[in-house]
Amino acid sequence: GKKHIFVEFLEEAKRILLEMGFEEYSGPYVETEFWNFDALFQPQDHPSREIHDSYIVKNPSSGWIEFPDLVEKVRRVHEDGWITGSRGWRYKWDRAVSERLVLRTQTTAVSVRYLSTHKEPPIKMFCISNVFRPDVLDAKHSMEFVQLDGIIGDGGINLRHLLGFLEEFSRAIGLGGVKFKPSYFPFTEPSVESFAKHPKMGWIEFAGAGMFRPELLRPLGIRYPVLAWGIGLSRLIMMKLGLEDIRDLFKNDLAWLASRPIGV
């Protein structure tokens, strides 16, 4: 007997990060929109909150937000920028929307939860866990997938440190070259997308990354730079194994599973 190849891959990713000095952290699958979106400076009218991009929990439909002072600061940031130097999103923020429950769409919700209670630098945290998004199942997409989210926080760090980490992690996990291009995310600036080379399918995006915006950090009481990334581990193992269909990772073909070498 041996472990499933995907389980081995997840454990290898975890081992690499622990050896780099990171701390592992976890959070709930069912999350309030406050932690999943609002605390990340994602406006309440953003398309990703619509039913086609988030699984809405019907019963119970709302949850409790444990930090009322933080809620008020996030409200101010959304409405007028508070003390961040930003103009905010210029709309009327609704607490009832922030209390709605969803299946978390990103493990960045875990990162911001961590920062709410761990404020002293240096910070190095990661989370490897499942996220859920209504999607069409095909060779590259699934409704449930495993994401690696991480943050590094300390004085004097910048985007070059983030790109260096992504390159180092890619080499350690056994991928080839990595390239980057500018991108946009509501909660990071500057932001980049990271691509790795699949042996058959060419360059495939595997991570979104950037530096957390002041609108996210200041309500949390964080005044030093924080680097953040989210990596789709399902896509990474596809690239490493040369698979062309994400569904192959979960098929019940015992002959295929038995043929895979121990240690990916």
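If you check residue 16 against the conditions, is it under 28 Å from residue 124 (Cα atoms), among the aliphatic types (A, V, I, L, M) and part of a loop (DSSP other than H, G, I, E, B)?
Spelling it out, it is not the case that residue 16 is under 28 Å from residue 124 (Cα atoms), among the aliphatic types (A, V, I, L, M) and part of a loop (DSSP other than H, G, I, E, B).
The residue that is least open to solvent (accessible area, probe 1.4 Å), counting only those in region 35-90 that are touching a helix residue (DSSP H, G or I) at 6+ places or on another chain (Cβ under 9 Å) and hydroxyl-bearing (Ser, Thr, Tyr), is 54.
Return a yes/no flag: does region 62-84 have any residue that is part of a strand (DSSP E or B), without any contact (Cβ under 8 Å) to a residue 60 or more places away in the chain and in contact with a strand residue (DSSP E or B) (Cβ under 7 Å, 6 or more places away or on another chain). Scanning region 62-84 turns up at least one residue that is part of a strand (DSSP E or B), without any contact (Cβ under 8 Å) to a residue 60 or more places away in the chain and in contact with a strand residue (DSSP E or B) (Cβ under 7 Å, 6 or more places away or on another chain).
Where strands (runs of 3 or more DSSP E) sit wholly within region 94-194, those with at least 3 residues that are open to solvent by 20 Å² or more (accessible area, probe 1.4 Å) occupy 123-132, 144-153, 178-185. Can you tell me which residues in region 133-150 are over 19 Å from residue 10 (Cβ atoms) and at pLDDT 90 or above? Matches in region 133-150: none.
The values are calculated or read from the model by the stated rules, or taken from the named source; none is laboratory data. Worth saying up front: this structure is predicted, and the values here are computed from it rather than measured. Note that each Cβ is placed from the backbone with ideal geometry, even for glycine, and that neighbours are counted across all protein chains shown. Areas reflect the complete protein model, heavy atoms only, side chains present, ligands, DNA and RNA absent. Shrake-Rupley method; radii C 1.70, N 1.55, O 1.52, S 1.80 Å.
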